[in-house]
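A.B. asks: Once you've had a glance at the structure underneath, I'll fire off some questions.
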Amino acid sequence: MATVTQTHIHQMPISTQPHFTYTPLPLPPHVKAEAFKDLGREVKGYDPAIVTPEQMDEIIEMLYRYSILLFKNVKLTPKQQYEMTLKAFDPAAQSYGHGNNKTGKEKASILHPDLKTIPHQPQVQLIGNGKVPGMYEGLDSPQLKHPHHKTFHKTPISQEDEDAGATRFYRWHIDAALYALSPPKVTTLYAVSVPKGAPQICRYDDGTGDEVTVPLGGTAFVSGKTMFDILPAELKSLAVRTKVKYAPHPYVWMSKAHALPTGLGIENEGLELSLDELPEWEESKVKLFPMCWRNPVTGHLHVQVHPCGAQALHIDPLPAGADRDHALYPDGGEVKDLKEVREILYRIQRPGIAPELVYAQDWDEGDLVLFHNRGLLHSVVGAFKEDQLRMFHQCNLAASDDPVGPTAEDVEIYA
Ligand SMILES: [Fe+2]
């Protein structure tokens with residue numbers, strides 16, 4: 001079982017005179033404005049070259065409050081990006097969020113082909129699409145590949161529909177190794193090169209008819225807080241009592257499996273690798289995380305589960321005196337059947353990715369986005385043609401501690 005320790009807490013009150021200005025993100029017409037009251041801010045006035053520790057404290061505070069911070073027209077070197085990610089959010093962190101230097105059997109990980117490490121700043125990854133001409137940050141003509149849902153979903157959309165502008169959420173996730181390392185607190189994404197193109201229609205294809213218009217190659221976000229807040233009482237009760245056990249080396253474990261059409265979890269086909277086919281692993285490094293992670297600044301609960309890597313659920317019984325009517329798993333227990341695990345997770349997470357709750361970042365070159373990786377889920381969307389060059393710098397760092405779950409008081413309120 002993972003050791004859960006107190007996370008690094010910033011409890012500075014919002015300064016009465018902030019150093020920067022914070023304005024709501026422009027929202028597309030399909031979203032429910034109410035759900036975005038506390039999600040996303042554009043920060044104006046920030047210069048990464050001259051930021052002070054006090055200014056950085058303010059940014060951290062705002063990130064925990066608003067989950068997504070966007071900075072426009074930024075010039076940021078990989079070193080500045082690394083230092084911002086490290087110093088600001090987790091001074092004790094050391095390695096890239098998925099661990100550096102993958103070797104041997106770990107190369108089977110489904111994440112491996114998507115990332116190119118910048119040699120002089122190995123915690124920063126180059127991601128995107130197309131062949132970069134010439135030398136770039138010490139990489140010789142790196143070939144990038146935007147993940148396409150047809151390589152992961154069981155039932156991809158037809159080429160004809162794709163040509164007409166349809167796409168899918170590739171994979172809803174948290175940036176985290178989910179084995180041995182602790183989930184990064186923040187991910188920084190910096191847009192270097194952004195091909196322009198028509199928006200696409202992102203289809204859910206799960207029988208609901210849901211779909212949402214997304215910018216080409218946008219990054220889609222949903223709030224884990226909203227995901228919790230909109231649940232009916234019996235699912236809130238279950239969520240605060242549940243811990244999620246991840247498979248060892250989950251990205252290798254799921255490397256032959258296929259995703260649901262929503263990108264929110266895995267189809268039950270029995271294609272996961274058996275535990276003895278995995279790279280060497282030990283029980284003490286397997287992650288067992290609360291289903292809800294507590295925001296260290298606001299105290300809000302965020303449903304934070306990477307549905308693809310989940311292997312089992314550990315459910316606590318209802319606390320003494322709690323109302324057992326309509327309660328799910330009132331006596332608690334361990335759910336090991338993958339189909340049942342996935343059904344429970346889907347029931348809890350699917351409402352939170354409804355079209356009116358999705359914000360998709362429409363990138364411009366020079367955009368820097370910081371997102372609270374312990375407070376939301378994200379997914380890439382869209383498909384690029386081979387010659388469309390997209391270049392992003394991504395940085396996140398395995399944290400120095402694991403996320404903290406609901407307090408006894410939270411359980412009292414919701415269970
Ligand atoms: Fe990601």
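The values are calculated or read from the model by the stated rules, or taken from the named source; none is laboratory data. Since this is a predicted model, take the numbers as computed values, not measurements. Every residue, glycine among them, receives a Cβ derived from its backbone with ideal geometry; neighbour counts consider all protein chains shown.
A.B. asks: Taking region 133-181 on its own, how many of its residues are assigned to a strand (DSSP E or B) and either surrounded by fewer than 24 Cβ atoms within 10 Å (Cβ to Cβ) or away from the ligand (no atom under 16 Å from the Cβ) (or both)?
C.D. replies: So in region 133-181, the residues assigned to a strand (DSSP E or B) come out as 135-136, 139-140, 143-144, 153, 166-167, 169, 173, 179.
From what's left, either surrounded by fewer than 24 Cβ atoms within 10 Å (Cβ to Cβ) or away from the ligand (no atom under 16 Å from the Cβ) (or both): 135-136, 139-140, 143-144, 153, 166-167, 173, 179.
Qualifying residue count, region 133-181: 11.
A.B. asks: Separate question: Within the bounds of region 265-283, is there any residue that is more than 16 Å from VAL341 (Cα to Cα) and within 20 Å of the chain's Cα centre (by Cα)? Spell out how you get there, then give the answer.
C.D. replies: The first filter runs over region 265-283 and keeps only residues more than 16 Å from VAL341 (Cα to Cα), leaving 273-283.
Narrowing the set further to residues that are within 20 Å of the chain's Cα centre (by Cα) leaves none.
Looking through region 265-283, none of the residues is more than 16 Å from VAL341 (Cα to Cα) and within 20 Å of the chain's Cα centre (by Cα).
A.B. asks: Looking at (1) modelled with pLDDT under 95; (2) within 16 Å of the ligand (Cβ to nearest atom); (3) of a type in the set (Lys, Arg), can you tell me which one ARG374 breaks?
C.D. replies: (1)
A.B. asks: Also: Looking at LEU144, LEU115, LEU126, which one is touching a strand residue (DSSP E or B) at 6+ places or on another chain (Cβ under 9 Å) and at pLDDT 95 or above? Reasoning before the result, please.
C.D. replies: On the way: LEU144 fails: at pLDDT 95 or above; LEU115 fails: at pLDDT 95 or above.
From the options LEU144, LEU115, LEU126, the qualifying one is LEU126.
A.B. asks: Being farther than 15 Å from HIS98 by Cβ and surrounded by fewer than 21 Cβ atoms within 10 Å (Cβ to Cβ) is the filter here, so list the residues in region 246-262 that pass it.
C.D. replies: LYS256, ALA257, HIS258, PRO261
A.B. asks: With the condition kept exactly as written, say whether any residue in region 340-358 is modelled with pLDDT under 95 and away from the ligand (no atom under 16 Å from the Cβ).
C.D. replies: Going residue by residue through region 340-358, those that are modelled with pLDDT under 95 are none.
Scanning region 340-358, I find no residue that is modelled with pLDDT under 95 and away from the ligand (no atom under 16 Å from the Cβ), so the answer is no.
A.B. asks: For the list (1) outside the structural domain of PHE36 (by TED's automatic domain parsing); (2) surrounded by fewer than 18 Cβ atoms within 10 Å (Cβ to Cβ), I need the number of the one condition that PHE289 fails.
C.D. replies: If we test PHE289 against (1) outside the structural domain of PHE36 (by TED's automatic domain parsing); (2) surrounded by fewer than 18 Cβ atoms within 10 Å (Cβ to Cβ), just (2) comes out false.
A.B. asks: Considering only region 310-324, I want to know if a residue exists there that is in contact with a Cys (Cβ under 8 Å, 6 or more places away or on another chain) and of a type outside the set (Val, Ile, Thr). Working first, answer last.
C.D. replies: Residues of region 310-324 in contact with a Cys (Cβ under 8 Å, 6 or more places away or on another chain): none.
Checking region 310-324: not a single residue is in contact with a Cys (Cβ under 8 Å, 6 or more places away or on another chain) and of a type outside the set (Val, Ile, Thr).
A.B. asks: Exactly one condition in (1) more than 28 Å from GLU272 (Cα to Cα); (2) more than 16 Å from the ligand (Cβ to nearest atom); (3) in contact (Cβ under 8 Å) with a residue 60 or more places away in the chain is false for ALA408; which is it?
C.D. replies: Unmet for ALA408, out of (1) more than 28 Å from GLU272 (Cα to Cα); (2) more than 16 Å from the ligand (Cβ to nearest atom); (3) in contact (Cβ under 8 Å) with a residue 60 or more places away in the chain: (3).
A.B. asks: May I pose another question? Residues that are within 28 Å of ARG168 (Cα to Cα): list the strands (runs of 3 or more DSSP E) wholly contained in region 295-400 that include at least 2 such residues.
C.D. replies: Ranges flagged: 301-303, 310-315, 359-361, 368-372, 376-380, 390-396.
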